[in-house]
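Below is one structure; the comments refer to it alone.
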């Protein structure tokens, strides 16, 4: 199985919109309860154009686009840094597998491992990677654990309980 990451482009936003509307994604990815195509463009185009510090990628498994993954420095987002208080050198990561037939096959941990080593920790100065998952999203939390992330602490975001997971850069 080959796993790759292609920088998100404006031409990918229709696919991202379709994925975000999938029930298995919408349940956990709370960007907006009324996720219109225009809102997807407004949310992701600034990063694509370099006006937002998040790096977004399409997840490609065996030459097939199956989802999206993103990374950013937590300190670049003051609201997030205020909640987590992690300091410099810590990257956040979020992902979803949008293709329904690609979930439940063990891809999540493989994607996370490949992304952490090939993208997140390829950036000089990044010494840790974190992800927050809703406490009820046991499938996602288990995928992070299988990828080597460890539970740090519980926190609340958007009125929902979350678990902070953390992966350290290999020495």
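Read-outs throughout are calculated quantities, based only on the coordinates presented, and are distinct from any laboratory measurement. What you see is a predicted model, and the numbers here were worked out from it, not measured in a lab. Glycine also receives a Cβ, built like all others from the backbone with ideal geometry; neighbour counts cover every protein chain displayed.
Given labels modelled 7 Å from the Cα in the Cβ direction, how far is it in nm from residue 110 to residue 45?
Here the answer is 3.6 nm between the modelled labels.
What is the distance, in nm, between label points placed 7 Å from the Cα along the Cα-to-Cβ direction at residue 63 and at residue 153?
4.8
Sort 13, 45, 141 so that the residue with the fewest other Cβ atoms within 10 Å of its own Cβ comes first and the one with the most comes last. Could the numbers behind the result be given before it?
Values: 13 17, 45 14, 141 20.
Going from least to most buried by this count: 45, 13, 141.
Over region 3-168, calculate the relative contact order: mean separation of alpha carbon pairs under 8 Å at least 6 apart, over the residue count, as a percent.
Details: 256 pairs, mean separation 29.4, N = 166.
Taking the mean separation of contacting Cα pairs over the length of region 3-168, I get 18 percent.
Distance from the Cα centre of region 130-151 to that of region 42-94, in angstrom?
Cα centroid of region 130-151 versus Cα centroid of region 42-94: 17 Å apart.
When a footprinting reagent is the concern and you count Cβ atoms within 10 Å, what order do 126, 36 take, fewest first?
Values: 126 18, 36 12.
Lowest to highest Cβ neighbour count: 36, 126.
Residue 36 versus residue 146, label points 7 Å from Cα toward the beta carbon: distance in nm?
The modelled label-to-label distance comes out at 3.8 nm.
Quick one: Debye curve from the C-alpha atoms of the chain, no solvent, what's log10 I(q)/I(0) at q = 0.12, 0.19 Å⁻¹?
Treating every Cα as an identical point scatterer, log10 I(q)/I(0) equals -0.51, -1.49.
Can you sort 72, 155 by how many other beta carbons sit within 10 Å, fewest first?
Values: 72 19, 155 13.
Going from sparsest to densest Cβ surroundings: 155, 72.
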